[in-house]
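Asker: The following block contains the structure, expressed as structure tokens.
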Amino acid sequence: MKRITTRVGAALIAGLLALPAQATPPPTLAAAVDAAWQRAEAAQAAVGEQRAASAAADSVGRWWAEPPAIALSQRTDRWQSDAGQREYQVHLTFPLWLPGQRRAYSQAAADGLAQAGALQRATRWRLAGEVRESGWRLVAMQAQAAQMAAAAASLQRLAADVRRRVEAGELPRTDLLAAQAEELAARNRHGSAELQVREAALEWRSLTGLDSLPDAAALAENLPAEIGLVAEHPALQEAAGEAAGAASQRDLVRTQRSAAPELSVGWSRSVGGRGNAAADSLVIGVRMPLGADERNKPLLARAEAAADVARTRELRQREQVQASLRLAREGLSLAEAQATAAQAQVRLLRERSELLERAFAVGELALPELLRALAAAGEAATYHARQQAELGLARARLLQSLGQHP
């Protein structure tokens, strides 16, 4: 891929870093993403999924399909013949694993843990994309406002010069009115740009919770030497984790042909009547549920459908990631070309306006033509400043499409 030229890179540093200093240093992109992660609702949900998956994985080593249960019972004839017959029973019930079920449960827990980790990484990656977009949008608004402030200051100086020459009788009063009108229009444009800066800053603070604002140097990232789709892309890992998790859940349902059989071990003490000795006995029983097919068919159908949907989603996600990468590469190439053209345009129009200013100073040019030239040069400078930020954003979008974390 074509590299950004040294001249464009220098303009990016010179144009975007020439902004008002902050009381605190600008945050790095990584620090901003960390701050946004701490306050994001999606982050809390992803962390919760991770904890749930970890708890499920920890329970894989248990001996029983479900936690054991205890049952206590007593039988008496007190309310019938009252012959003193008594019976006391204590039973412990242990749900048993079906054949292959424990292994399937272990695989499902492992896949669930991997899926939760992939979800957390993908959520953080998407949040990094929001921070990148917000940061570069703010930098673009700041650069635009700075250029408009410079244009307003230039027109203010011009209006003052015109006033002096009108008072000296060199220019008509209509020129002063035109110069003052252009100055007011420039100040209004600057005010609107400052409002956009405040809106972008509010969005940045709402997303990250940081009071300090970023600049181009803090947001700048280096492109990798090789640009191509990698298997570690968070969106691909997330989709693959969902597909693997759905498949393991389907396999687990296939092993659950019925409810868990139960082994019960109990102790019983019975008294035949008054004056009879108590008799103790050990009770062992097995409970086998019936009607397995009727129970399992709808569960298996839903699990198979979920696995098919997850597999299809994985294929669509890969196509979407590849398309996003192609679009980001084309966007960066276009931004590079536009930045180079904008820089050349600024240089030409600035030189033209300087020549026309000198001609106006010696009375060889009418004010309206100078104002038009200054307006064109100011628009070009504003566009150039925004284009430098767009270039930084295009690089950030390419890194985002590659699945790169700050």
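Asker: Among Ser59, Ser248, Ser353, determine the one that fluctuates most according to a GNM of the chain built with springs between C-alpha atoms less than 10 Å apart.
Answerer: Ser59
Asker: Go ahead and run the numbers for FRET between Ala71 and Ser206, Cβ-Cβ distance against an R0 of 60 Å, rounding to 0.05. Intermediate values should be presented prior to the final figure.
Answerer: Values: r = 56 Å, r/R0 = 0.94.
Computed FRET efficiency for Ala71 and Ser206: 0.60.
Asker: Kindly give the semi-axes, whole Å and largest first, of the ellipsoid equivalent to the chain, taking each as the square root of 5 times a Cα gyration tensor eigenvalue. Mind dumping the intermediate values first?
Answerer: On the way: eigenvalues 1229, 115, 45 Å².
One finds semi-axes of 78, 24, 15 Å for the chain.
Asker: Go through Ala149, Ser324, Ser54 and say which Cα lies farthest out towards the positive end of the charge dipole of the chain; charges sit on Cβ, +1 for Lys and Arg, -1 for Asp and Glu.
Answerer: Ser54
Asker: For segment 116-188, take N as its residue count and report Rg(C-alpha) divided by 2.2 N^0.38 Å.
Answerer: Working: Rg = 23.4 Å, N = 73, 2.2 N^0.38 = 11.2 Å.
Computed over Cα atoms of segment 116-188, the ratio equals 2.09.
Asker: Based on other C-beta atoms within 10 Å, arrange Ser106, Ser401 from fewest to most.
Answerer: Numbers: Ser106 15, Ser401 24.
Ranked by crowding around the Cβ, least crowded first: Ser106, Ser401.
Asker: Also, quick follow-up: For the chain, what is the mean residue ellipticity at 222 nm derived from helices alone (per DSSP H run of n ≥ 4: -39500 (n - 2.57); sum divided by total residues; nearest 500 deg cm²/dmol)?
Answerer: About -24500 deg cm²/dmol.
Asker: Then there's this: Which of the DSSP-defined H helices in the chain satisfy a minimum axial length of 18 Å, computed from C-alpha atoms, and a minimum mean Kyte-Doolittle hydropathy of -1.0? Mind showing how you got there, number by number?
Answerer: Values: long enough: 41-58 (26 Å, -0.16); 101-167 (98 Å, -0.35); 173-208 (52 Å, -0.56); 234-255 (32 Å, -0.27); 292-361 (98 Å, -0.56); 367-401 (50 Å, 0.03).
Counting only whole DSSP H runs, the qualifying helices are 41-58, 101-167, 173-208, 234-255, 292-361, 367-401.
Asker: Further question: Work out the charge dipole of segment 72-207 with +1 on the Cβ of Lys and Arg and -1 on the Cβ of Asp and Glu about the Cα centre, then indicate which of Val162, Gly100, Leu184 is farthest towards its positive end.
Answerer: Gly100
Asker: While we're here: I'd like to know which of Leu393, Ala366, Ala339 lies farthest towards the positive end of the charge dipole of segment 304-406, counting +1 on Cβ of Lys and Arg and -1 on Cβ of Asp and Glu.
Answerer: Toward the positive end, the furthest listed residue is Leu393.
Asker: From largest to smallest, what semi-axes in whole angstrom does segment 67-131 give when each is the square root of 5 times an eigenvalue of its alpha carbon gyration tensor? Can you show the working numbers first?
Answerer: Details: eigenvalues 636, 60, 7 Å².
For segment 67-131, the semi-axes come out at 56, 17, 6 Å.
Asker: Modelled label-to-label distance, Glu130 and Arg347, 7 Å Cα→beta-carbon offset: nm?
Answerer: 4.2 nm
Asker: Determine which residues of segment 81-115 fall in the zone a paramagnetic label at Ala55 would reach in this model, i.e. backbone nitrogen under 15 Å from the point 7 Å along Cα→Cβ.
Answerer: Label zone hits: 113.
Bear in mind these aren't lab numbers, they're just calculated from the coordinates by the rules spelled out. Just so it is clear, the structure is predicted and the values come from calculations on it, not from any experiment. Note: ideal-geometry Cβ built from the backbone for every residue, glycine included; neighbour counts use all protein chains shown.
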